[in-house]
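Notes follow the structure.
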Amino acid sequence: MDKRQLGELILDSQETMYRVAKTLLCQDEDCMDAMQEAIVKAFAGIESLRHDRMAKTWLIRILINECYTLLRKKQKLVFLEDYAKPEKGRADRPYSELYEALERLSEPYRICITLYFIIWRATA
């Protein structure tokens, strides 16, 4: 299979690719990102395709792998605002005084201290 044929296959398979990505990912933007990465990897690895009749299955498999990669990256994402801010109305929360003290710091110091303890906690 050459690049022209792969391009035609991708154009013919766009709807199928979107549906497969949508079953694994919730947001349309994530689906489009996964599809784009799969297309780039398909063109880069076209030499690894052994049988032309399996091209669509090969393309969908690349897409599924990209979806899982994107999901793994999103699981590692922690928003600092969610982690550092105390819950409203929870004075009995452990370390609530510490969270209040952190909240009073200026943003650069708060981020620095929070990141230090996140990293310390992950390695402990």
What is the extension gain from Glu103 to Ser48, computed as 0.36 nm multiplied by their sequence separation minus the C-alpha to C-alpha distance, in nm to one decimal? 14.4 nm
Among 60-73, 40-53, how do they line up from the highest to the lowest mean number of other beta-carbon atoms within 10 Å? 60-73, 40-53
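Laboratory data are not the source of any read-out in this text; all were calculated from the coordinates shown. For clarity, every value in this text was computed on a predicted model and none was experimentally measured. Cβ sites come from the backbone with ideal geometry, for glycine too, and all protein chains shown count toward neighbours.
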